[in-house]
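The values are calculated or read from the model by the stated rules, or taken from the named source; none is laboratory data. Note that the structure is a prediction, hence the values are computed from the model and not measured. Neighbour counts are summed over all protein chains in view; Cβ atoms, including those assigned to glycine, are modelled from backbone coordinates with ideal geometry.
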Amino acid sequence: MRKILQYGSPILERPSIDVEDINDIKVQKIINEMLKILQVEAERSAGLSAPQIGESLNIAVCRRTDLENADLNTKLSAIDWEVMVNPKIVSKSKLKSIHWEGCLSVNDGDLFGKVQRSKEIEVEYIDIMGKVKKIGASDFFSHVVQHEVDHLKGILFLKYIKDPTDLYTSDELE
């Protein structure tokens, strides 16, 4: 299994390129590797982008937090991951929300800060079956998608933290 690249790695700071053919064996292998990593990191991750594993391709996998535990009496047996190839945010609300964010590529996933982003977005992408999809995302799921799309543009969540003293490790948050 590939290692997740850390802050300072040049690939994390440059824009990725669009996937030409989702059925390409290399592309399918990358997607499968990303899903395997997320299975291992499921307790502490809401998504992963291809640049984080060293591939400069526009592929992101986002945890469908919007589908999880809507009913607190129901426990989901599996996490639903949305594979997004060549995702483009096509609309953003002016209304903002603030959520804690972290990143597996920053301090090995143990550094968090409050990030303000659009509360609602629409994102268009190619799904794992090669179909064009457009979905709406709101609240935390909106943050997850925007975070991963930022990765594909070479932007880390740290850009949104104005004061470094507003970053915390998990021990400090406890």
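Criterion applied to Pro15, Pro51 was being of a type outside the set (A, V, I, L, M, F, W, C), surrounded by fewer than 15 Cβ atoms within 10 Å (Cβ to Cβ) and touching a Lys or Arg at 6+ places or on another chain (Cβ under 9 Å), and the one residue passing it is Pro15. Within the range 17-63, the only residue that satisfies the criterion of being hydroxyl-bearing (Ser, Thr, Tyr) and touching a Gly at 6+ places or on another chain (Cβ under 8 Å) is Ser45. Screening Glu122 against (1) outside any loop (DSSP other than H, G, I, E, B); (2) surrounded by fewer than 16 Cβ atoms within 10 Å (Cβ to Cβ); (3) more than 14 Å from the chain's Cα centre (by Cα) leaves a single unmet condition, (2). The set of residues from the range 125-138 being touching a helix residue (DSSP H, G or I) at 6+ places or on another chain (Cβ under 8 Å) and modelled with pLDDT of 95 or more comprises Ala137, Ser138. Looking for something crowded, with 21+ Cβ neighbours inside 10 Å and either in a loop (DSSP other than H, G, I, E, B) or out of contact with any Ser or Thr (no Cβ under 9 Å at 6 or more places or on another chain) (or both) - is there at least one such residue anywhere in the range 153-164? Yes: one or more hits.
Apart from one condition, Glu82 fits all of (1) charged (D, E, K, R); (2) in contact with a Cys (Cβ under 8 Å, 6 or more places away or on another chain); (3) at pLDDT below 95; the exception is (3). Scanning the range 125-152 for residues being surrounded by fewer than 21 Cβ atoms within 10 Å (Cβ to Cβ) and assigned to a strand (DSSP E or B) gives a total of 7.
To keep it simple, each residue is scored yes or no on (1) in contact (Cβ under 8 Å) with a residue 60 or more places away in the chain; (2) part of a strand (DSSP E or B).
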| position | (1), (2) |
| --- | --- |
| Lys3 | no, no |
| Tyr7 | yes, no |
| Pro15 | yes, no |
| Asn32 | no, no |
| Glu43 | no, no |
| Ala60 | yes, yes |
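If you check Gln52, Gln28 for being part of a helix (DSSP H, G or I) and closer than 23 Å to Ser142 by Cβ, only one passes: Gln52.
For the range 94-118, filtering for residues that are part of a loop (DSSP other than H, G, I, E, B) and either modelled with pLDDT under 95 or buried (at least 19 other Cβ atoms within 10 Å of the Cβ) (or both) leaves 6.
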